[in-house]
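Participant: I'd like to ask you about the structure that follows.
The values are calculated or read from the model by the stated rules, or taken from the named source; none is laboratory data. Small disclaimer: the values here were computed from a predicted structure and weren't measured. As a convention, Cβ positions derive from the backbone with ideal geometry for all residues, glycine included, and neighbour counts pool all protein chains shown. For the accessible areas, the whole protein counts, side chains as well, though only heavy atoms, and no ligand, DNA or RNA atoms are used. Shrake-Rupley method; radii C 1.70, N 1.55, O 1.52, S 1.80 Å.
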Amino acid sequence: MPQQRTGAVKQITSHANPIVKEIKGLVAQRKHRSQSGLFVAEGLKLATDALEAGWGVRYLALGPEARDNPVAQKAAATAKARGALILEVSTAVMSAMTRKDNPQMVVGVYEQNMLGAKDIDPTGTTLWVALDRVRDPGNLGTIIRTVDAVGGAGVMLVGDCTDPFAVEAVRATMGSLFHVPLAKMSKDEFKALAGKWPGTVAATHLKGAVDYREPDYSEPALLVMGNEQKGLEDDMAAACPTLIRIPQVGQADSLNLAVATGIALYEIRRKHLEL
Ligand code: SAM
């Protein structure tokens, strides 16, 4: 990794700059994100969300339009005060970094935050969602955004899940990534947590015998969702006392994972949500 220079401003015009290469690696490869503990989030809104929520920021790259934008300048000042290196780059360099023809005016590199099973204390929380081997980054990002919208406490990533810090997942969260805690765990850790969970534990399942509108969900609730292709693993389903199903009438075999999560979340939180 290139030498980190903090709390400074640096102009970059060359695609061959090592920081540009580093950011390209973070965009393209999970291995780079895992090894460095960093990830890329595109856009001024996400930069503002990240900074307001107190996430660690390593670099904030500003394209030419950001130089006259007061919100972008404020974000840059905050990031710099927190030790970030501010990169002033051309549109061409921004495009190369993000692999996009029309890049955002601001791109940030942030430090990942990830809890483990032992960090989860459900007491006094509203609701957690557990995802069994979620594969699609768009689904994961959308679920994180929806958990945020209903006032959920966090998302558990059980088993081999897609990377929540992949650019597509981050983009789909629309900034909620910075407000919703994530916890990574094994299936056994999940089953141990579910076994001592103080509120309702409900898994959505295509063979569920209970209409999802029937249970009287008690908080903290734990909503468990299956994998896009294979559904919920049998032993995980067995760890959940209630298997709920969302009725369907047409020819579709099942609902999209993120859609099913949204429907169930709004039912579980119905009493607590008002305009
Ligand atoms: N072929 C998979 C199966 O047999 O379960 C389909 C999985 S579905 C695309 C992904 C997940 O969304 C399911 O595991 C379940 O958690 C949830 N889901 C989708 N439609 C559902 C429904 N009608 N009722 C309950 N859960 C549903």
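Participant: Look at Ala264 and say whether it is touching a residue at least 12 places away in the same chain (Cβ under 8 Å), within 25 Å of the chain's Cα centre (by Cα) and closer than 21 Å to Val150 by Cβ.
Facilitator: yes
Participant: Out of everything in the stretch 1-25 that is part of a loop (DSSP other than H, G, I, E, B) and touching a strand residue (DSSP E or B) at 6+ places or on another chain (Cβ under 8 Å), what residue ends up being modelled with the highest pLDDT?
Facilitator: Here the answer is Thr13.
Participant: Kindly indicate whether any position in the stretch 71-85 is over 17 Å from Asp163 (Cβ atoms), part of a strand (DSSP E or B), open to solvent by less than 80 Å² (accessible area, probe 1.4 Å) and not charged (D, E, K, R).
Facilitator: So far as the stretch 71-85 goes, yes, one or more of its residues are over 17 Å from Asp163 (Cβ atoms), part of a strand (DSSP E or B), open to solvent by less than 80 Å² (accessible area, probe 1.4 Å) and not charged (D, E, K, R).
Quick grid of which residues meet (1) among the charged types (D, E, K, R); (2) at positive phi; (3) open to solvent by 70 Å² or more (accessible area, probe 1.4 Å):
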site	(1), (2), (3)
Val180	no, no, no
Lys196	yes, no, yes
Val201	no, no, no
Thr204	no, no, no
Ala209	no, no, yes
Tyr217	no, no, no
Leu223	no, no, no
Glu228	yes, no, no
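Participant: Please enumerate the residues belonging to the stretch 162-193 that are within 18 Å of Asn227 (Cα to Cα) and either within 16 Å of the ligand (Cβ to nearest atom) or among the polar types (S, T, N, Q) (or both).
Facilitator: Result: Thr162, Ser186, Lys187, Phe190.
Participant: Could you give me the residue pairs with C-beta distances under 6 Å whose first residue belongs to the stretch 200-220 and is under 10 Å from Thr242 (Cβ atoms), whose second residue is open to solvent by 20 Å² or more (accessible area, probe 1.4 Å) and aliphatic (A, V, I, L, M) wherever it lies, and which are 6+ apart or on separate chains?
Facilitator: From the stretch 200-220, the pairs are Ala203/Leu243; His205/Leu243; Gly208/Leu243; Tyr212/Ile246.
Participant: While we're here: Across the stretch 242-269, which residue is farthest from the ligand (Cβ to nearest atom) among those that are surrounded by fewer than 18 Cβ atoms within 10 Å (Cβ to Cβ) and among the small types (Gly, Ala, Ser)?
Facilitator: Within the stretch 242-269, the match that is farthest from the ligand (Cβ to nearest atom) is Gly250.
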